[in-house]
Amino acid sequence: MRLPDPIMLGDIPLGPPVFLAPMAGITDVPCRRAVARFGAGLMVSEMVASTEMVTPRPSTRAAVRAKALTEGALPVSVQIAGREAAPMAETARIVADMGARVIDINMGCPAKKVTGGLSGAALMRDLDHAMTLVDAVVGAVGVPVTLKMRLGWDDDCLNAADLAARARDAGVAMLTVHGRTRAQFYKGQADWSAIRAVADLPGRPPLVANGDVVDAHSARAALAASGADAVMVGRGAQGRPWILAQIAHDLWGTPAPNVPNGAALADLVAEHYEDILDFHGAELGLRVARKHLGWYAGANGAPLRDQMMRAVTPRATLDLIMRAFGDAAGVAA
């Protein structure tokens, strides 16, 4: 396949059309740094709740989540979520001032704590209200605004194409569609072919297919079935920060990532672990790091996973990382 021309978001050219999905509690700055060392066309932050940003005393958690990775050349988008137009617009202004080069609106999160507050995928049940948020955010900032959604709320409410058409007319710069309804959560298989209704819209902005893209085979299939211009990788990148660059290489012949093994893998995991502690602080960082260590161990066949999960000091954890990953026989490509 020939590498397509770069997707442009305003004056920002994106890299190869394999993007890192926003994942709450996962795609923080250390995670994005780990992916950035191998390459990605775009990286999207974990979700920032507007209700936590637009208060007399914005929450520390929200501010940390909103922090944009401004070093390096890779563009970063900050995803925001909420239920009312004014707080969403103000949050967009805040994160743009913090350095976000792109702002993404969340209308796809299926979590009950999000949809129960009428945010995330719940907005797809009322497109008139959803569009008040889109119009407010687009009008509030000078950076490109993108929109992430699902196929709809459930099988009786498959309205992604309707929302996409209205978002197109409102000036949204790019659309991402996860090939499941909210009712499905992450069960079953993503229906990439159902995304084609959005792809077939006349004059649409660039389209990204999301859901179950974990390697070059699934990425190629998602692009063919959906008619999308790019793919977005979420859970497939857990424990494999190089997989986006590997997919781009396998599909379009971009430079192959230097996939680490043995001591190089141990060094990568240790660097990511220490970056988590530096960014979040030791107490929170130890908890945040455990899930990443579990993913690295599971994805790369490393032993000592349970011991790493129970370690309570950085020194003990680093020793286990060197023992486990330095001796790992291989990696999952």
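Just a few scattered comments:
- Rolling a 1.4 Å probe across all protein chains gives Y186 an accessible area of roughly 110 Å².
- ³J(HN,Hα), Karplus 6.51/-1.76/1.60, whole Hz, each residue of region 271-285, x for Gly, Pro: 5, 5, 4, 5, 5, 4, 5, 5, 6, 9, x, 4, 5, 5, x
- Amide H partners (placed H, <5 Å) of T176, local residues excluded: L147, K148, M149, V208
- Residue-count net charge about L158 - beta-carbon cut-off 13 Å; Lys, Arg +1, Asp, Glu -1: 0
- Charge context of L9, other residues only, Cβ under 13 angstrom, K/R +1, D/E -1: -2
- Cα pair distances in region 217-326, grouped into 10 Å bins until the bin that holds the longest one, percent each: 14, 40, 27, 16, 3
- The chain: antiparallel DSSP beta bridges as a percent of all, rounded to 5: 5
- As a ratio to 2.2 N^0.38 Å, the alpha-carbon radius of gyration for the chain is 0.97.
- Per residue, the accessible area of the chain comes to 41 Å² when a 1.4 Å probe rolls over the protein heavy atoms.
- Cα gyration tensor shape for region 71-116, rounded if a/c is under 1.5, else prolate or oblate: oblate
- For region 162-180 versus region 208-261, the gap between their alpha-carbon centres in whole angstrom: 22
- S45 long-range amide H proximity, modeled H, under 5 Å: S77, V78, Q79
- Each label point was placed 7 Å from the Cα along the Cα-to-Cβ direction; for R305 and D278 their separation is 2.8 nm.
- Region 94-175, accessible surface, carbon-and-sulfur percent (1.4 angstrom probe): 47
- Length gained on full extension, A224 to A256: 9.2 nm, using 0.36 nm per residue less the C-alpha separation.
- Anisotropy class of region 269-333 from Cα gyration tensor, a/c 1.5 cut: prolate
- Area of D126 that stays accessible when all protein chains are in place (1.4 Å probe, Å², to 10): 80
- Interchain or long-range residues, amide H under 5 Å from L9's placed H: L14
- Phi-based couplings in Hz for region 191-199 (Karplus 6.51, -1.76, 1.60; Gly and Pro marked x): 9, 5, 5, 6, 6, 4, 4, 6, 4
- Here the Karplus relation 6.51 cos²θ - 1.76 cosθ + 1.60, evaluated at θ = phi - 60°, turns the backbone of region 139-149 into coupling constants of x, 8, 10, x, 8, x, 10, 10, 9, 10, 9 Hz, with x for every Gly and Pro.
- Within the shell defined by Cβ-Cβ distances under 9 Å, the residues around S50 carry a net charge of -2, with Lys and Arg each +1 and Asp and Glu each -1.
- Global geometry of region 173-271, whether rounded, prolate or oblate, following the gyration tensor of its Cα atoms and the 1.5 cut on a/c: prolate
The values are calculated or read from the model by the stated rules, or taken from the named source; none is laboratory data. It should be emphasised that the depicted structure is a prediction, and the values quoted were computed from it without experimental measurement. Here the Cβ is made from the backbone with ideal geometry for all residues, glycine too, and neighbour counts use every protein chain on show. Areas reflect the complete protein model, heavy atoms only, side chains present, ligands, DNA and RNA absent. Shrake-Rupley method; radii C 1.70, N 1.55, O 1.52, S 1.80 Å.
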